[in-house]
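Trainee: Dumping the structure here so I can ask a few things about it.
The values are calculated or read from the model by the stated rules, or taken from the named source; none is laboratory data. These numbers come from a predicted model, not from an experiment. No Cβ is skipped: glycine too gets one built from the backbone with ideal geometry, and neighbour counts run over all protein chains shown. Heavy atoms of the whole protein, side chains included, go into the accessibility calculation; ligands, DNA and RNA do not. Shrake-Rupley method; radii C 1.70, N 1.55, O 1.52, S 1.80 Å.
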There are 2 protein chains.
Amino acid sequence: MNLILTLRILGALLIYLAGTLLTALPFSLYYQDGAAVSFLLSALTTASCGGVLFFFCRSRKELSLREGFAVVSFGWALFALFGALPYIYSGAIPSPLDAVFETMSGFTTTGSTILTNIEALPKSLLFWRALTHWLGGMGIIVLSLAILPMLGVGGMQLFKAEVPGPTADRLKPRIQDTAKLLWGVYLLLTALETLLLMLGGMSFFDALCHSFATLATGGFSTRNASVAAYNSAYIDWVIVLFMFLAGVNFTLHLQALRGKLNTFFSNEELRFYSWITFGAIGLVMIFNLTSGTYTQLTDNLRYSSFQVVSILTTTGFGTADYELWPVIAQYLIIILMFIGGCAGSTGGGIKVARVLLLLKHAQVQIFRLIHPRAVRLVKLGKRPVDNEVLAGVLGFFALYIGVFIIASLLLAASGMDLISGGAAAVACLSNIGPGLGSIGPVDNFAHVPAFGKTVLIICMLMGRLELFTVLVLFFPSFWRK
Amino acid sequence: MNLILTLRILGALLIYLAGTLLTALPFSLYYQDGAAVSFLLSALTTASCGGVLFFFCRSRKELSLREGFAVVSFGWALFALFGALPYIYSGAIPSPLDAVFETMSGFTTTGSTILTNIEALPKSLLFWRALTHWLGGMGIIVLSLAILPMLGVGGMQLFKAEVPGPTADRLKPRIQDTAKLLWGVYLLLTALETLLLMLGGMSFFDALCHSFATLATGGFSTRNASVAAYNSAYIDWVIVLFMFLAGVNFTLHLQALRGKLNTFFSNEELRFYSWITFGAIGLVMIFNLTSGTYTQLTDNLRYSSFQVVSILTTTGFGTADYELWPVIAQYLIIILMFIGGCAGSTGGGIKVARVLLLLKHAQVQIFRLIHPRAVRLVKLGKRPVDNEVLAGVLGFFALYIGVFIIASLLLAASGMDLISGGAAAVACLSNIGPGLGSIGPVDNFAHVPAFGKTVLIICMLMGRLELFTVLVLFFPSFWRK
């Protein structure tokens, strides 16, 4: 581990964060919400700390794999710490732990909130809250499509963005090229959704904030009642569409924009993701129909679709309280919480591709029992999946369940009940937002004890960084020369 | 698939079952409980059906792998069907579904019961109920140590019993030799526990039935209040000891009896199993201490130890209602439910060895991220674990979670609540017995709707036969020539 180089890069990242903090200033001045000074102070604090790190830690070495892990994990953690400053300085969230929880929830695109009255916040803070989602989403796209595949985390090498261009050997230029193209798509989709939401009657401010939260599969709303506050079928459907798109591998969007629609529609993960989406909507509608939750079929379609897509893509926006649905529909929602979006999307969870590979692995295992001498490999698309990748995927799954169990146990220890504790663990580990029980879709995380909040902050970070990236830091051999 | 040969062997198994049904006769005659005719009729029905199959299906072929799967799965299912006859004929359990549930629960050594008043049953039926456990346990030992390793199910090849003797190439003599030795150990431990329980004041009948249920990690008691009915610390501790022993690989017991104590104590799975046991007891005691569940430390030790060992070994006997314990202790109990006993024991669940291998696999995955060029293999004991075995173990885990999810979903559909449905799924899949909620340690399964009972019957069978053995039957290619 080259600590000096790591600190230098972290310093640069903090200077960049200070710059983004300043983007909230115009909103503060326009709405006269009195938070301008807090943002200035936050930017100043962040830039100073970043500057010190950047200028005093000088290293001529190239970035290697190990520093990659450290930069990603500590970078995200520092963003959550320094990004919390405006909440604290303005007094909007007096408790530092709560402020860090809210910011980590933002940057990890989780969307769990400790706020009990969201609308009471100054507008510029609401903008910052949505922006943490959007910036986190940008980070995740590059992380999952360019950085993690190189680090070889949990089988992610399978989803390396194949962006044409000069195939340089060194990490930096390659990542930058990939990032620019993917961010272009991200920006385009955000602009498009903002426009469509404004056409539905939303203010520019609300439309922008909700688009930020949608494309990042975050889920922070500017309203207490989340998207339900607008009570508009048009707005619901626009958000359903963009949540679905945000849950798709962004490399595929790039391909589609380049006219390669065939590549887009023939992608096996996307097909499976669509099957899960439509299958789950169908099932939830049947359950809601038999239990008579909605009198109108159009209502059933609208609310069932919204909640299924919101949870599967790990966005977490709400238009209906699914805790009032029949138990089996709630159960389905829990399963979707674990699955999550596609690899290379902004969605969290285990990821559709991994679930698909797990199923295929199990199928091949059974096939080999019947035909012990036959050779059959697990394939994704038309290509056989490397054994190492498969081992990574299986290891990730085991680890995900393991971390979920330990987190739930710690939440139970903090005093939460069985359902709420387990739901909070998966809601944060899969970066969804709401869960069940005391942290259900119409509740918030304010009442969770401090110890529980700390556990959940770690869950959000671990889940977002595909577990391994954070876990390697706890191995002594990682720190040795 | 050679159907004729399969049917012939199933016929032979039924004739054997008819013989075991007759062993309940002496009890019926001695206690004058009026069930003798039911047993005679049951034996007659079973023997007739078995005889027809055995004598009309003639095949000169040798048993191959595929017939192995069919014989094991259908054999267990037929035992549950025909073994239910005494309950039905005697009128003790009028509903055939309930009777099959109870018998499947017996032969799979699960111990979930639909009986609301156990003590009202004729003595001979209580004996038969305990005997189904004991016979199931015998089956499992041979299955997991001799048959499944040959079939290559879920990494079980790792736990093949290495019994010295003539290494014949053909399946039959090898299995028979292994079986005889292991059953010797099983019989010895059963006799020993019966004796020790009688010394504690139990009647011969009760001691025998409880020993049957202990060694098989079954959990059927002859008393409504389970082991709590005896209210004796001595009896509790004897049962704790034998539950623990029943959860150990029986090959190890064989080694220990041959004086190879070093092999016994240095076994890595046994060590990990002991760590889990003592660790969980320690934690549960701390939770119960802080919440003030027990005023006496000896009570805390006694009840915590009993429940931890009872659940981890998947026995399911009860001396305390763990639903009155703090939430975190209940959570720990749920985790233990998934883990289960050692491979090659009569315990169910995922198995300690698989959990150990999963942890090691995850550790190696993380290690390889830090040292991409280093070679490190997963080892068990001192031997590196074959990649194929590891793939089997990982596939098994994924499948276990998958089946658990589907079963819980179906139970939610049958009308059970979230906690009870999930707990029932794992209680039956891991062959434990009691769960949480409406099927907790002081409840029973009588109220579960018919659809739910059917799902649970399938869970018990699948869990007991290491999932794969049953699942292969659903593949069309299994049935093709």
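Trainee: Go through the range A:403-417 and give me each residue that's at the interface with chain B (Cβ under 7 Å from one of its Cβ atoms) and either on the phi > 0 side of the Ramachandran plot or free of Cβ contacts under 8 Å to residues at least 24 places away in the same chain (or both). Show your work before the answer.
Mentor: So in the range A:403-417, the residues at the interface with chain B (Cβ under 7 Å from one of its Cβ atoms) come out as A:405, A:408-409, A:412-413, A:417.
A:I405, A:S408, A:L409, A:A412, A:D417, listed by residue number.
Trainee: Taking the stated definitions as given, is B:T293 more than 21 Å from B:T217 (Cα to Cα) and either in a loop (DSSP other than H, G, I, E, B) or of a type in the set (D, E) (or both)? Break it down stepwise before answering.
Mentor: Details: more than 21 Å from B:T217 (Cα to Cα): yes; either in a loop (DSSP other than H, G, I, E, B) or of a type in the set (D, E) (or both): yes.
Taking the combined requirement at face value, the residue satisfies it.
Trainee: Let me ask something else. For the range A:5-25, indicate whether the set of residues that are surrounded by fewer than 21 Cβ atoms within 10 Å (Cβ to Cβ), modelled with pLDDT of 95 or more, more than 27 Å from the chain's Cα centre (by Cα) and of a type in the set (S, T, N, Q) is non-empty.
Mentor: no
Trainee: Return the only residue of A:G392, A:G381, A:G435 being in contact with a Leu (Cβ under 9 Å, 6 or more places away or on another chain), within 29 Å of A:I141 (Cα to Cα) and modelled with pLDDT under 95. Give the steps one after another, and end with the answer.
Mentor: On the way: A:G381 fails: in contact with a Leu (Cβ under 9 Å, 6 or more places away or on another chain); A:G435 fails: in contact with a Leu (Cβ under 9 Å, 6 or more places away or on another chain).
None of the other options fit; the residue is A:G392.
Trainee: Among the candidates A:G463, A:G422, A:G435, single out the residue that is buried (at least 24 other Cβ atoms within 10 Å of the Cβ), at the interface with chain B (Cβ under 9 Å from one of its Cβ atoms) and within 29 Å of A:M156 (Cβ to Cβ). Outline the logic, then answer.
Mentor: Numbers: A:G463 fails: at the interface with chain B (Cβ under 9 Å from one of its Cβ atoms); A:G435 fails: at the interface with chain B (Cβ under 9 Å from one of its Cβ atoms).
Of A:G463, A:G422, A:G435, the one residue that is buried (at least 24 other Cβ atoms within 10 Å of the Cβ), at the interface with chain B (Cβ under 9 Å from one of its Cβ atoms) and within 29 Å of A:M156 (Cβ to Cβ) is A:G422.
Trainee: In the range A:330-353, how many residues are among the hydrophobic types (A, V, I, L, M, F, W, C) and more than 9 Å from chain B (Cβ to nearest Cβ)? I'd like the intermediate steps shown before the answer.
Mentor: Kept after step one, since they are among the hydrophobic types (A, V, I, L, M, F, W, C), are these residues of the range A:330-353: A:332-339, A:342-343, A:350, A:352-353.
Within this subset, residues satisfying the condition of being more than 9 Å from chain B (Cβ to nearest Cβ) are A:333, A:336-337, A:339, A:342-343, A:350, A:352-353.
Result for the range A:330-353: 9.
Trainee: If A:L356 satisfies every condition in (1) at pLDDT 90 or above; (2) more than 8 Å from chain B (Cβ to nearest Cβ); (3) not in a helix (DSSP H, G or I) but one, which is the exception?
Mentor: (3)
Trainee: Could you tell me which numbered condition B:V37 fails, if it satisfies all but one of (1) touching a residue at least 40 places away in the same chain (Cβ under 8 Å); (2) touching a helix residue (DSSP H, G or I) at 6+ places or on another chain (Cβ under 6 Å); (3) over 28 Å from B:G463 (Cα atoms)?
Mentor: (2)
Trainee: Residues in the range A:361-389 that are under 29 Å from the mean Cα position of the chain (by Cα) and either within 8 Å of chain B (Cβ to nearest Cβ) or open to solvent by 40 Å² or more (accessible area, probe 1.4 Å) (or both): how many? Quick ask: steps written out before the conclusion?
Mentor: Kept after step one, since they are under 29 Å from the mean Cα position of the chain (by Cα), are these residues of the range A:361-389: A:361-362, A:378-389.
Checking the rest, the ones that are also either within 8 Å of chain B (Cβ to nearest Cβ) or open to solvent by 40 Å² or more (accessible area, probe 1.4 Å) (or both) come to A:361-362, A:379, A:381-384, A:386-388.
Looking only at that region, the number is 10.
Trainee: Any idea how many residues of the range B:321-346 are surrounded by fewer than 24 Cβ atoms within 10 Å (Cβ to Cβ) and either touching a His at 6+ places or on another chain (Cβ under 9 Å) or not in a helix (DSSP H, G or I) (or both)?
Mentor: Residues flagged as surrounded by fewer than 24 Cβ atoms within 10 Å (Cβ to Cβ) and either touching a His at 6+ places or on another chain (Cβ under 9 Å) or not in a helix (DSSP H, G or I) (or both) within the range B:321-346 amount to 3.
Trainee: Test each condition in (1) more than 9 Å from every other protein chain (Cβ to nearest Cβ); (2) open to solvent by 30 Å² or more (accessible area, probe 1.4 Å) for B:L471 and report the one that comes out false.
Mentor: Answer for B:L471: the failing condition is (1).
Trainee: To continue, here is another question. All but one of (1) away from chain B (no Cβ under 14 Å); (2) without any contact (Cβ under 8 Å) to a residue 24 or more places away in the chain hold for A:T314; which doesn't?
Mentor: (2)
Trainee: Could you check the range A:208-241 and list, in sequence order, the residues that are part of a loop (DSSP other than H, G, I, E, B) and either open to solvent by 20 Å² or more (accessible area, probe 1.4 Å) or within 14 Å of A:G433 (Cβ to Cβ) (or both)? Please lay out each step first, then the result.
Mentor: So the first thing to find is which residues in the range A:208-241 are part of a loop (DSSP other than H, G, I, E, B), and the list is A:216-225, A:231-232.
Those that are part of a loop (DSSP other than H, G, I, E, B) and either open to solvent by 20 Å² or more (accessible area, probe 1.4 Å) or within 14 Å of A:G433 (Cβ to Cβ) (or both): A:A216, A:T217, A:G218, A:G219, A:F220, A:S221, A:R223, A:N224, A:A225, A:N231, A:S232.
Trainee: If you don't mind, another one. Of the residues B:G395, B:G440, B:G452, only one is more than 9 Å from chain A (Cβ to nearest Cβ), open to solvent by less than 10 Å² (accessible area, probe 1.4 Å) and in contact (Cβ under 8 Å) with a residue 60 or more places away in the chain; which? It would help to see each step written out before you state the result.
Mentor: Values: B:G395 fails: more than 9 Å from chain A (Cβ to nearest Cβ); B:G452 fails: in contact (Cβ under 8 Å) with a residue 60 or more places away in the chain.
Criteria check complete, one pass: B:G440.
Trainee: Also, I was wondering about something else. Give the range A:141-186 a look and list any residue that's at pLDDT below 80 and among the hydroxyl-bearing types (S, T, Y), or say none.
Mentor: Matches in the range A:141-186: A:T167, A:T178.
Trainee: Name the residues in the range A:398-415 that are open to solvent by less than 30 Å² (accessible area, probe 1.4 Å) and part of a loop (DSSP other than H, G, I, E, B), would you? Let's see the steps before the verdict.
Mentor: Going through the range A:398-415, the residues open to solvent by less than 30 Å² (accessible area, probe 1.4 Å) turn out to be A:398-403, A:407-408, A:411-412, A:414.
A:S414 - this is the single residue of the range A:398-415 that is open to solvent by less than 30 Å² (accessible area, probe 1.4 Å) and part of a loop (DSSP other than H, G, I, E, B).
Trainee: Out of A:S64, A:S48, which single residue is at pLDDT below 95, open to solvent by 30 Å² or more (accessible area, probe 1.4 Å) and among the polar types (S, T, N, Q)? Even if it seems obvious, please write down each step before you answer.
Mentor: Working: A:S48 fails: at pLDDT below 95.
Criteria check complete, one pass: A:S64.
Trainee: Now for a separate question. Report whether or not A:V364 is aliphatic (A, V, I, L, M) and farther than 23 Å from A:V309 by Cβ. Before you say what the answer is, go through the steps one by one.
Mentor: Working: aliphatic (A, V, I, L, M): yes; farther than 23 Å from A:V309 by Cβ: yes.
Here the answer is yes, as A:V364 does meet what is asked.
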